[in-house]
Structure formats: C-alpha cells, structure tokens
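Trainee: Supplied in structure tokens, the structure appears directly below.
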Amino acid sequence: MSEINTRIALGHESYYERHIFFCLNERKAGEECCVQNGSKAGFDRCKQLVKQAGLSGPGKVRVNKSGCLDRCAAGPVAVVYPEAVWYTYLDASDIDEIVESHLKNGKVVERLLTPPHLGS
C-alpha cells in the first residue's frame with residue numbers, strides 16, 4: 001500500500017481542508033487560454049478574500065496557481081479539491097460567491113459549474 005493510501009486508511013486528515021487551483025496558463029501564438037480571460041485577477045481576488053476571511057492556512061484553504069488544467073474552452077476555470085468541483089467564473093462577484101459559499105461554507109455554487117462537455 002502506498003504512503004498516501006496508508007494515511008487515508010489510517011484516517012489522517014489532509015493538511016488543508018480544501019485546495020482551489022486557478023489555471024494561469026498562457027498559451028503561445030495567441031491561442032485561447034484562461035490567462036487571456038482574466039484568470040490572474042480571479043486568482044488574486046480569491047487569495048485576498050480567503051486571507052481576509054481568516055480561511056487560509058493549515059486545516060483550512062489553500063489558493064494555488066496551476067498550469068494548464070486542459071479546460072481552456074470553458075475558461076477561465078478553477079477547481080476545488082477534494083470535491084473536484086470545476087468552476088467557470090467571469091468577474092469578481094463570481095469569485096466572491098465561490099469563496100463565501102464553497103470555500104467558507106462547503107456549498108457548491110451550482111450556477112458557476114463548468115459544463116462537463118467543455119474541455120480544451
């Protein structure tokens with residue numbers, strides 16, 4: 001059994017309750033990508049709100065940059081783990097809602113879910 005599986009089987013808690021990953025990939029030659037659609041602003045806003053709300057740190061929430069998440073057609077996208085919930089967001093109010101509803105209260109924001117058929 002791997003170390004990770006052993007830790008899960010033994011009931012060890014995760015270092016963070018939730019991770020949210022923001023695609024900050026920038027494709028070459030002007031190809032469509034999340035960064036062209038404002039993902040950096042979404043990441044910055046989320047990080048700021050999580051910190052202000054006291055949600056950051058061990059046992060809480062971690063806001064991470066990521067490379068390509070291969071969902072460019074739906075971009076900008078973010079994904080929350082361990083739930084594996086994919087979001088497409090458009091503006092600061094969408095980020096506010098993700099933080100308040102999902103990251104703070106554990107409730108998925110249905111209206112912002114990325115359509116499952118949209119990939120790269």
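The values are calculated or read from the model by the stated rules, or taken from the named source; none is laboratory data. From a predicted model like this one, the values you see are computed outputs, not experimental measurements. All Cβ positions, even for glycine, are placed from backbone atoms using ideal geometry, and neighbour counts span all protein chains on display.
Trainee: Would you call CYS34 out of contact with any Lys or Arg (no Cβ under 6 Å at 6 or more places or on another chain) and modelled with pLDDT of 95 or more? Break it down stepwise before answering.
Mentor: Numbers: out of contact with any Lys or Arg (no Cβ under 6 Å at 6 or more places or on another chain): yes; modelled with pLDDT of 95 or more: no.
Considered against the rule, which asks whether it is out of contact with any Lys or Arg (no Cβ under 6 Å at 6 or more places or on another chain) and modelled with pLDDT of 95 or more, CYS34 comes out as no.
Trainee: Hey, can you tell me all the residues within the range 77-115 that are in contact with a Leu (Cβ under 8 Å, 6 or more places away or on another chain), under 19 Å from LEU24 (Cα atoms) and either loosely packed, with under 12 Cβ neighbours inside 10 Å or free of Cβ contacts under 8 Å to residues at least 60 places away in the same chain (or both)?
Mentor: Correct list: VAL77, VAL79, VAL85, TRP86, TYR87, THR88, TYR89, ASP94, ILE95, ASP96, VAL99.
Trainee: Oh, and also: Name the residues in the range 27-45 that are within 16 Å of VAL63 (Cα to Cα) and touching a helix residue (DSSP H, G or I) at 6+ places or on another chain (Cβ under 8 Å), would you?
Mentor: Across the range 27-45, the qualifying residues are ALA41, GLY42, ARG45.
Trainee: Turning to a different aspect of this structure: Quick check on my filter: what residues within the range 39-67 are surrounded by fewer than 21 Cβ atoms within 10 Å (Cβ to Cβ) and in a strand (DSSP E or B)?
Mentor: Once the filter is applied, which keeps residues that are surrounded by fewer than 21 Cβ atoms within 10 Å (Cβ to Cβ) and in a strand (DSSP E or B), the range 39-67 yields SER56, ARG62, ASN64, LYS65, SER66.
Trainee: Another question, then. Got a sec? Which of ALA53, ALA78, ALA73 is closer than 21 Å to HIS117 by Cβ and modelled with pLDDT of 95 or more?
Mentor: On inspection, the qualifying residue turns out to be ALA78.
Trainee: Scan the range 68-120 residue by residue and report those that are farther than 16 Å from SER39 by Cα and either touching a Lys or Arg at 6+ places or on another chain (Cβ under 8 Å) or part of a helix (DSSP H, G or I) (or both).
Mentor: Passing the criteria: TYR81, PRO82, GLU83, GLU100, SER101, HIS102, LEU103, LYS104, GLU110, ARG111, LEU118, GLY119.
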